[in-house]
Amino acid sequence: MKWIYWSRLYDSKFQAGCLVQRMEHDSWVFGVDVPQEIEVFRSRKGKYGVRYLP
């Protein structure tokens with residue numbers, strides 16, 4: 001399987017981590033399937049993003 005990248009990059013790791021928590025929480029609340037793995041990564045330009053495996 002291939003990574004799916006979130007369309008936005010963030011200035012801090014904290015902001016990207018908040019998105020990860022929201023993705024996990026929303027899937028739990030709304031009954032949507034949780035991605036296999038969600039992680040925060042750092043781009044070449046120093047910003048942070050979120051990617052996940054469906």
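In straight-distance terms, cross-link reach from Lys13 covers every one of the lysines whose alpha-carbon lies under 19 Å from its own, apart from those fewer than eight places away in the same chain; here that gives Lys45, Lys47. Of the accessible area of the chain, computed with a 1.4 Å probe over protein heavy atoms only, carbon and sulfur atoms account for 53 percent.
Solvent-accessible surface of the chain, averaged per residue with a 1.4 angstrom probe and all protein chains in place: 82 square angstrom. About its Cα centre, the chain has a charge dipole of approximately 460 debye under the convention of +1 per Lys or Arg Cβ and -1 per Asp or Glu Cβ, with nothing else charged. Against the main long axis of the alpha-carbon atoms of the chain, helix 13-30 sits at an angle near 10°. Note on the chain: dipole from Cβ charges, positive end direction compared against Gln36, Ala16, Pro54; the farthest Cα belongs to Ala16. For the chain, modelled as a GNM whose springs connect Cα atoms under 10 angstrom apart, the maximal fluctuation among Val29, Val20, Val40 occurs at Val29. If you average 1/r across every pair of different Cα atoms in the chain and take the reciprocal, what Kirkwood value do you get, in Å? 11.4 Å is the Kirkwood radius here. The value of relative contact order for the chain, using C-alpha pairs under 8 Å at least six residues apart, is 49 percent.
The values are calculated or read from the model by the stated rules, or taken from the named source; none is laboratory data. Since the model is a prediction, treat every value here as computed from it, not as a measurement. Counting neighbours? That spans all protein chains shown, and the Cβs are built from the backbone with ideal geometry, glycine included. The accessibility values were calculated without ligands, DNA or RNA, using every heavy atom of the protein model including side chains. Shrake-Rupley method; radii C 1.70, N 1.55, O 1.52, S 1.80 Å.
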